[in-house]
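A.B. asks: Below is the structure I would like to discuss, written out as structure tokens.
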Amino acid sequence: YVVFSTGSKGSSGGASNWGAGFLPSVYNGVLFRSGSDPVLYLSNPKGVDSTSQRQTLDAIQELNRQRLGRVGDPEIATRINSFEMAYQMQSSAPELMDIRQEPQHILDLYGATPGKTTYATACLLARRLVERGTRFVQIFHEAWDQHGNLSGDLKRNCADTDRANAALIQDLKARGLLDDTLVIWGGEFGRTSYSQGGLGNGRDHHGRCFSIWMAGGGIKGGNVHGATDDYCYNIVKDPVHINDMNATILHCLGMDHERFTFKFQGLNTRLT
């Protein structure tokens, strides 16, 4: 589970946005940074070669496994998994992040430029991750809080994201990956369709209704579900509760949300 954060500021919720909730922390996302080291401390310090590192890691992992067998703490299992994942990342992540390997027509399709941290680059890296078997990729583009300067900021955000979104879907489809990859675009809540405070150049938060779109992964293309009133204030047709949306996502992943549970604090907890 890999996370990218782009836009004019980082993710406001921080690590809680890619945490695992009541699931063990082994299922947390891994935030990728820009630059040659997408994960902190990925490169070995001077004087440490791969052989000595592997021997050291094996010794630490054995101690961790012994401790896990004694106390059964799931956080120890998380640590074991994290150490091993980090070792694998040292050889795979730098190659993954090097989009200079992509042909020019693919870079042009996304609007991505090697060496620049952009939403377009994140979309291209998402496709590279999916190709390599990463199960979940999440991209944050947090720059949509337009209480003012809506006209300029909204155009800039759409220019940042629309082309790259379309390119990701087109690229996945061309490579035969879209049928079993579910692409979801959404946000934390909606925005009013009218201007905020009479200023004429901003919109306020709006939790009554908002739209998402999904593509691939078993979703019926070209289908629109639900409608709002003329003022985009209330839902007037086919509302979808957040639990129903999550149930649909789980269904696309091959899971029955009523049967898929996890033991948490003595209860069989459902993700919905």
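The values are calculated or read from the model by the stated rules, or taken from the named source; none is laboratory data. Please read all numbers here as calculations on a predicted model, not as lab measurements. Neighbour counts run over all protein chains shown; Cβ positions are idealised from the backbone, glycine included. Calculation scope for accessible area: heavy atoms of the full protein, side chains included, ligands and nucleic acids excluded. Shrake-Rupley method; radii C 1.70, N 1.55, O 1.52, S 1.80 Å.
A.B. asks: Under 1.5 on a/c is rounded, so check that first for the range 48-89, then, if it is not, pick prolate when a/b is larger than b/c and oblate when it is not; a ≥ b ≥ c are the square roots of the alpha carbon gyration tensor eigenvalues.
C.D. replies: It is oblate, given that a/c is not under 1.5 and a/b is not larger than b/c.
A.B. asks: How big is the gap, in Å, between the Cα center of the range 142-211 and the Cα center of the range 63-122?
C.D. replies: Result: 27 Å between the Cα centres.
A.B. asks: Could you calculate the FRET efficiency of Thr272 with Gln170 from 1/(1 + (r/R0)^6), where r is the beta carbon distance between them and R0 is 45 Å, rounded to 0.05?
C.D. replies: Working from the Cβ atoms, E equals 0.90.
A.B. asks: Moving on to the next point. Could you list the residues of the range 137-166 with an amide nitrogen less than 20 Å from a label point located 7 Å from the Cα of Phe260 in the Cα-to-C-beta direction?
C.D. replies: Residues 137-139 qualify, since their backbone N sits under 20 Å from the label point.
A.B. asks: How long are the semi-axes of the equivalent ellipsoid of the chain, taking √(5λ) for every eigenvalue λ of the Cα gyration tensor, in whole Å from largest down?
C.D. replies: Gyration-tensor ellipsoid for the chain: 36, 26, 19 Å.
A.B. asks: Sticking with this structure for a sec: Radius of gyration and Dmax for the range 79-153's Cα atoms, expressed in Å?
C.D. replies: Calculated on Cα positions, Rg and Dmax stand at 15.9, 49 Å.
A.B. asks: Let me spell out the model: positive unit charges on the Cβ of Lys and Arg, negative unit charges on the Cβ of Asp and Glu, origin at the Cα centre of the chain. What dipole size does that give, in debye rounded to 20?
C.D. replies: 280 debye
A.B. asks: With point charges of +1 on the Cβ of Lys and Arg and -1 on the Cβ of Asp and Glu, referenced to the Cα centre of the chain, which listed residue (Gly115, Asn246, Val48) lies farthest in the positive direction of the dipole?
C.D. replies: Of the options given, the answer is Val48.
A.B. asks: Could you tell me which of rounded, prolate or oblate describes the range 125-272, using a ≥ b ≥ c as the square roots of the eigenvalues of the alpha-carbon gyration tensor, with rounded for a/c under 1.5 and, failing that, prolate when a/b is larger than b/c and oblate otherwise?
C.D. replies: Here the range 125-272 falls in the oblate category.
A.B. asks: Relative contact order (percent) for the range 139-228, with alpha-carbon contacts under 8 angstrom and 6 or more residues of separation?
C.D. replies: Computed value for the range 139-228: 31 percent relative contact order.
A.B. asks: On to the next question. Given R₀ = 25 Å, FRET efficiency for Ser50-Tyr27 by Cβ-Cβ distance, to 0.05?
C.D. replies: 0.35
A.B. asks: Using the Cα centre of the range 173-272 as origin and beta-carbon charges of +1 (Lys, Arg) and -1 (Asp, Glu), tell me which of Trp213, Leu271, Val236 is placed farthest towards the positive end of the dipole.
C.D. replies: Checking the options against the dipole of the range 173-272, the answer is Leu271.
A.B. asks: Given an 8 Å cut-off on Cα distances and at least 6 residues of separation, report the relative contact order of the chain as a percent.
C.D. replies: On the way: 329 pairs, mean separation 42.9, N = 272.
Once divided by the residue count of the chain, the mean separation gives 16 percent.
A.B. asks: For the chain, which whole-number percentage of the solvent-accessible area (1.4 Å probe, protein heavy atoms only) is attributable to carbon and sulfur atoms? The partial results should precede the final answer.
C.D. replies: Numbers: 8850 of 17130 Å².
Solvent-exposed carbon and sulfur of the chain make up 52 percent of the total.
A.B. asks: Taking the Cβ of Thr248 as the center, what net charge do the other residues with Cβ under 14 Å away carry, scoring Lys and Arg +1 and Asp and Glu -1?
C.D. replies: Value of the local net charge: -3.
A.B. asks: State whether the range 144-193 is rounded, prolate or oblate according to the following rule on the C-alpha gyration tensor (a ≥ b ≥ c being the square roots of its eigenvalues): a/c under 1.5 gives rounded; otherwise a/b larger than b/c gives prolate, and the remaining case gives oblate.
C.D. replies: Because a/c hits 1.5 or more and a/b fails to exceed b/c, the range 144-193 counts as oblate.
A.B. asks: Something else about it: For the cross-link pairs Lys116/Lys155; Lys116/Lys263; Lys46/Lys116; Lys116/Lys237, which exceed 31 Å when the distance is taken from alpha carbon to alpha carbon?
C.D. replies: Table pairs above 31 Å Cα-Cα are Lys116/Lys263; Lys116/Lys237.
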